[in-house]
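*Asks:* Take this structure, written in structure tokens, and hold onto it; I'll ask about it next.
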Amino acid sequence: MWATVIRSAKRKTDKWIGFISSIEHAEKTGDWSPYTVRLKLRNGKIYAQFSKEDKFPEVAITKDNGVIGIDINAYPFHLALVHTTKDGNLEEYKRISLDKLLEGSSEKREYLSWQTAHQVVGIAKREGKALVVENLEKLPKSKRGDGLPKLRQKLQKWIYKALLQKIEIVAKRNGIQLIKINPAYTSIIGKLKYVPLYNIDKDTAGAYVIARRGLGFKERLPKNYRKLLENKEFLSYSVARFEDRIAKLRKEIGEEKNEYKRNKLRSDLRRLKGELKLLLRSLLDSGESESAAQQTVNREMERVRGSTQVEQKSWQVLSVALALSCLESLRDFSPLKRVILARDWVGAANKASPSLPGQGTSVLNMYSFV
């Protein structure tokens, strides 16, 4: 059965024009290439969907001139782009809002996501830099994106992976190298290391770590951070802060009458218990004598193998320890500047919380550093 397919071109760059041109060229030269046609019946009408493999040009723009790291963030919903030189130095950064991708029909979101992909690749082409993105296949499904529940809720309407795939396709069509990296701990490293050093927001810092990882750089713990993880007083203070917060949460759970709010508090409690266990294990590893609370630690935990895993665990422990001890807000990491530069965690802790739970300010004031 033969049928005439009626399809007008919507714009000069419409792929339908290129497809028809390739058909006409093949009829004249006999140089055919395969394509697929799918017929769909919708509301009594038959629609034809054509698909054909792209022939990509050779890569002309590589990481030899630097890269642009890309990271997605939930609030506000946007892409963070960081321009980095080939030796890993930060040049500039910008944001692309993704709020419109959460509105309208699926067709509209599809169109806007392609627009965003072309915008990102256009920037890379203009700057002559390769692109670095997260390889989401490296993370469990429950931790896609940056692993935040709020982000995953937004992605129920639109999938981050789909945008990355479009960016990859457009980059290949323009001969731009696209590098995929393991996104593990990029957000943690960014907020702890580069936010206080460069006075940038944590979203930009995460994209910067992605860019540097794409260039092959490994993020080592700064000297003062490493020393901090060996400091028993700091770890003990952090443990005390967690135990105090857990006690308050238990009280709140007992007093809360709303079932949904109580479930949220219980979820927070489970998270804090897991983080406390991580801190207690680090305190044991530092040689601190065991307390009653430390007896609950599972001593059969599998030992971390490999220098990379050890380094990643150190970043994780540091993030947990600093969260309640030295930070007033998880959006403001400026107090970490005095920690990373001068190892003055006491000053940062005094600013975040003026007293050690149950013991007053004297406990903080007894610690001093050169």
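Every number here is computed from the coordinates shown, using simple stated rules; none is lab data. These numbers were taken from a predicted model, which means no experiment stands behind them. Here the Cβ is made from the backbone with ideal geometry for all residues, glycine too, and neighbour counts use every protein chain on show.
*Asks:* Excluding residues on the same chain fewer than 8 positions from K218, give the aspartates and glutamates whose Cα lies under 17 Å from its Cα.
*Replies:* Correct list for K218: D87, E134, E311.
*Asks:* I need the phi-derived Karplus couplings for region 87-99: 6.51 cos²θ - 1.76 cosθ + 1.60, θ = phi - 60°, integer Hz, Gly and Pro marked x.
*Replies:* 9, x, 8, 6, 9, 7, 8, 7, 10, 10, 5, 10, 4
*Asks:* List F77, F19 from most exposed to least, where exposure is judged by having the fewest other Cβ atoms within 10 Å.
*Replies:* F19, F77
*Asks:* Kirkwood Rh over alpha-carbon pairs of region 63-214, then Stokes-Einstein at 10 °C and 1.306 mPa s: what D in µm² s⁻¹, rounded to an integer?
*Replies:* Translational D for this selection: 104 µm²/s.
*Asks:* When we measure straight from the Cα of K264, which lysines land under 16 angstrom away, once same-chain ones fewer than 8 places off are left out?
*Replies:* List returned: K150, K248, K251, K273.
*Asks:* Provide, as a two-decimal number, the C-alpha radius of gyration of region 165-232 over 2.2 N^0.38 Å, N being how many residues it has.
*Replies:* Here the answer is 1.39, to two decimals.
*Asks:* Just want the ordering: R331, R213, from fewest to most Cβ atoms lying within 10 Å of their own Cβ.
*Replies:* With the sparsest Cβ surroundings first, the list reads R331, R213.
*Asks:* Taking a ≥ b ≥ c as the square roots of the Cα gyration tensor eigenvalues, with a/c under 1.5 meaning rounded and otherwise prolate when a/b beats b/c, else oblate, which class fits region 1-134?
*Replies:* oblate
*Asks:* To continue, here is another question. Ranking W2, W16 by Cβ neighbours within 10 Å, fewest first, what do you get?
*Replies:* Starting with the residue having the fewest Cβ neighbours, the order is W2, W16.
*Asks:* Ratio to report: Rg/Rh of region 78-142, with Cα atoms as the point set and Rh obtained by the Kirkwood method; give two decimals.
*Replies:* Rg divided by Rh gives 1.03.
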